[in-house]
Amino acid sequence: MTDIIVLGAGLTGLATAMLLARDGHHVTVLDRDPAPPAAGREWDEWDRPGVAQFRDPHIMLPHWHAQMLADLPGVLDRLRAAGALRLNFATVLAPAAYDGGRPGDERFDTLTARRPVLEAAFAAEAGSVTGLTIRRGVTVAGLLTLGGRVTGVRLTDGTGVQARLVVDCGGRRSALSSWLTAAGLPKPPGERSDAGFVYYARHFQGDPPDVLGPLLQHHDSVSLITLPADNDTWSVGFVTSGRDHAMRALRDPAVWEAALARYPLAAHWAAGKPLTGVDVMGGLADRWRPVSMPGLVAVGDAACCTNPSLGRGAGVGLLHARTLRDHLRATGGETDGFAARTAEVIEPLYRATVWFDRHRIAEIDGDVQGLPYRPNDPAWTAARMLHGSALHDPVLARAGLDVGVLLRPPPAPPAGPGLPPGPGSPPGERYPVAGERYPLPGPDRAELLAALR
Ligand SMILES: Cc1cc2nc3c(=O)[nH]c(=O)nc-3n(C[C@H](O)[C@H](O)[C@H](O)COP(=O)(O)OP(=O)(O)OC[C@H]3O[C@@H](n4cnc5c(N)ncnc54)[C@H](O)[C@@H]3O)c2cc1C
C-alpha cells in the first residue's frame, strides 16, 4: 500500500507528487498516457490524449517561475538544458514603458517552453525523486471506499490501488464527480460554466520574432496571443468568441495568415516554419470545485480551472500543490479543512480571472454586434484605462504587470450587480471610434471581416 495516490501526471500532478514525496510520503502517480519519448522528441512523438491542450500555446508566468525556484529548481535546471527560453516580462512591455529596465524588474523573470518540453522536464525530475513511483498507461475508473472514506482507486483492468490519501490531479476533464456519485458519496459543491472563448492557434520555428507588443493584445472583437518558447519556437493564436461564427474561417491556415497580416505588432510572428496547422480549442469551462473529504482531495485543474488566455493555470496549480503540502504538514496528514484552505488561497485568483474573462468575452461579443460594452463596474473601467496607460507609463505598466502575472494579489472583484452579465452584451450605442478602446494598431471589425473572405 502506498501512502498517497496522485491521479494524473500533468504539470500539477507531478509537482504535487514531488512535493509530497520530498516530505517523506510514499507517492504513486497513475496516468493513462504513455511515458515521454527520448529527450528532444517530445513535440513530435509524445502521444498525450489525456491532456487536450498538449499542443496548444503555453507560457509560464513569473508567478510560476518564482514558486519553481523556491521549491522545484531541479525542473528549471532540466528546462534550461532542454532549450527553454529565459524571458523577462518587463522587456516585452511597450518600448516607452520598458524604459531600458528598472530596479526590481528581475521579479518578472521566467523560463518558458512548449508544453511537451515542459512536461518532459517535470517527468525527468520526478523520476529522480526518492519515494515517488510513476505508473503510466494505467486508467483510473472509479474510487475504492469503505465506510464513507476513500481508500484508493479502481483501475479499468478491474484491479485496485489502495492508499491513505487520493489526490485528484486529473485535470479539467476529471471524472471525480461521477465517481463520487457511483460510490454513493456526496458530490462536492461547486460551479461550472463556459464563457465561450475559442482559440485558433499555430506553432512556428525559425528566427525568433522581435516582440513589438504585449504578449496578450486586445483588439476589436478578438485578442491575440504571441508566445515565445523553447528552441526558437513560438506560438500565435486568435482568442475569439464561440458566438462569432465568422471567425470559424480562421481554421484555414491561409485565411488565418491573411487575418494576422492585418496586425502590425503581430504579423511578423507568422514568418517561420509552421509546426502545426491551425489548432482549434473551445469548450473551456471555468470550474470551481474544492474537494476535501476523508481520504480524498482535488488539486490543480481538477479543482479550479478557467479560460487560459491569462496563462495562469500552471502557477495557480503549483500554488495549490504547495498549499496541500503545507496543509498536510500542519495537520499531520489529515485532509480536514483543505477545501476551506483552498477557498482562502486559490478562490480569490479564480474569481479575479473569471471576472476579467467575463468582462472580456462580453466586450468581444459587444464588438461583434457593433454595440459598446459599458458595464456598471468601475473596476473594469479602471482596468481598461490601466491597459491603455501601461503602453506609455513605466510605473503603471509594472503595476499592471504585477497583477496580471499574479505577483500581487488581484483586487477582489465586486460582488453582486457589478459582476459582468456573462455571454451576450448589453444594448447601447455604437463605439465612436474603435481605437479609443483599443490603443494598439490593428484592424477594426469591418477590416478584420474583409481579411477573412
Ligand atoms: C488551450 C490551453 C492553453 C493553456 N495555456 C496555459 C498557459 O499559457 N499557461 C499556463 O500556466 N497554463 C495554461 N493552461 C492551463 C494548463 O494547461 C493547466 O492549468 C495544467 O495543465 C493543469 O495541470 P493539471 O496537472 O491539473 O492537469 P492536466 O495537465 O490536464 O493533467 C491531467 C492528467 O490526468 C490524467 N488523467 C485524467 N484522467 C485520468 C484517469 N481516469 N486515469 C488516469 N489518468 C488520468 C491525464 O492523462 C493527464 O495527464 C492552458 C490550458 C488550455 C486548455
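The values are calculated or read from the model by the stated rules, or taken from the named source; none is laboratory data. What you see is a predicted model, and the numbers here were worked out from it, not measured in a lab. Heads up, the Cβs are rebuilt from the backbone with ideal geometry, glycines too, and the neighbour counts pull from every protein chain shown.
When segment 290-310 is examined, which residues are found to be within 12 Å of the ligand (Cβ to nearest atom) and in contact with a helix residue (DSSP H, G or I) (Cβ under 9 Å, 6 or more places away or on another chain)?
Residues of segment 290-310 within 12 Å of the ligand (Cβ to nearest atom): 298-310.
Listed by number, the residues that qualify are Ala298, Val299, Gly300, Asp301, Ala302, Ala303, Cys304, Cys305, Thr306, Asn307, Ser309, Leu310.
Name the residues in segment 307-336 that are touching a Phe, Trp or Tyr at 6+ places or on another chain (Cβ under 8 Å) and either under 16 Å from Asp286 (Cβ atoms) or among the small types (Gly, Ala, Ser) (or both), would you?
Asn307, Ser309, Leu310, Ala314, Gly315, Val316
Does segment 432-453 include one or more residues that are at pLDDT below 85, assigned to a loop (DSSP other than H, G, I, E, B) and more than 24 Å from the chain's Cα centre (by Cα)?
Applying the first criterion (at pLDDT below 85) to segment 432-453 yields 432-437.
Pick out the ones that are also assigned to a loop (DSSP other than H, G, I, E, B) and you get 432-433.
Applying the additional criterion that residues be more than 24 Å from the chain's Cα centre (by Cα) yields 432-433.
Yes, because at least one residue in segment 432-453 is at pLDDT below 85, assigned to a loop (DSSP other than H, G, I, E, B) and more than 24 Å from the chain's Cα centre (by Cα).
Which ones in segment 265-283 are part of a loop (DSSP other than H, G, I, E, B), crowded, with 16+ Cβ neighbours inside 10 Å and in contact with a helix residue (DSSP H, G or I) (Cβ under 7 Å, 6 or more places away or on another chain)?
Ala266, Val278
Evaluate the following for Gly147: is it surrounded by fewer than 20 Cβ atoms within 10 Å (Cβ to Cβ) and not β-branched (Val, Ile, Thr)? Steps first, please.
Details: surrounded by fewer than 20 Cβ atoms within 10 Å (Cβ to Cβ): yes; not β-branched (Val, Ile, Thr): yes.
So Gly147 passes the test.
Of the conditions (1) away from the ligand (no atom under 12 Å from the Cβ); (2) modelled with pLDDT of 95 or more; (3) not in a loop (DSSP other than H, G, I, E, B), Gly158 clears all except one; give me its number.
Gly158 satisfies every listed condition except (3).
Scan segment 365-384 and report the pairs whose first residue is in contact (Cβ under 8 Å) with a residue 12 or more places away in the chain and over 20 Å from Pro411 (Cα atoms) and whose second residue is of a type in the set (Phe, Trp, Tyr) and outside any helix (DSSP H, G or I), with Cβ atoms within less than 6 Å and a gap of 6+ or a chain change.
Partner pairs satisfying both residue conditions: Gly366/Tyr373; Pro372/Tyr431.
Filter segment 341-353 down to the residues that are part of a helix (DSSP H, G or I) and in contact (Cβ under 8 Å) with a residue 12 or more places away in the chain and list them by number.
Arg341, Thr342, Ala343, Val345, Glu347, Pro348, Leu349, Tyr350, Arg351, Ala352, Thr353
Mind listing whichever residues of segment 316-333 are within 14 Å of the ligand (Cβ to nearest atom) and among the hydroxyl-bearing types (Ser, Thr, Tyr)?
Thr323
Tell me which residues, restricted to segment 227-249, are surrounded by fewer than 17 Cβ atoms within 10 Å (Cβ to Cβ) and charged (D, E, K, R).
Hits for segment 227-249 are Asp232, Arg243, Arg248.
Determine, yes or no, whether Ile346 is within 16 Å of the ligand (Cβ to nearest atom) and touching a Phe, Trp or Tyr at 6+ places or on another chain (Cβ under 8 Å).
Details: within 16 Å of the ligand (Cβ to nearest atom): yes; touching a Phe, Trp or Tyr at 6+ places or on another chain (Cβ under 8 Å): no.
No; evaluated as a whole, the condition is false for this residue.
Go through (1) within 13 Å of the ligand (Cβ to nearest atom); (2) touching a residue at least 60 places away in the same chain (Cβ under 8 Å); (3) under 27 Å from Gly366 (Cα atoms) one by one and return the number of the condition Ser221 breaks.
(1)
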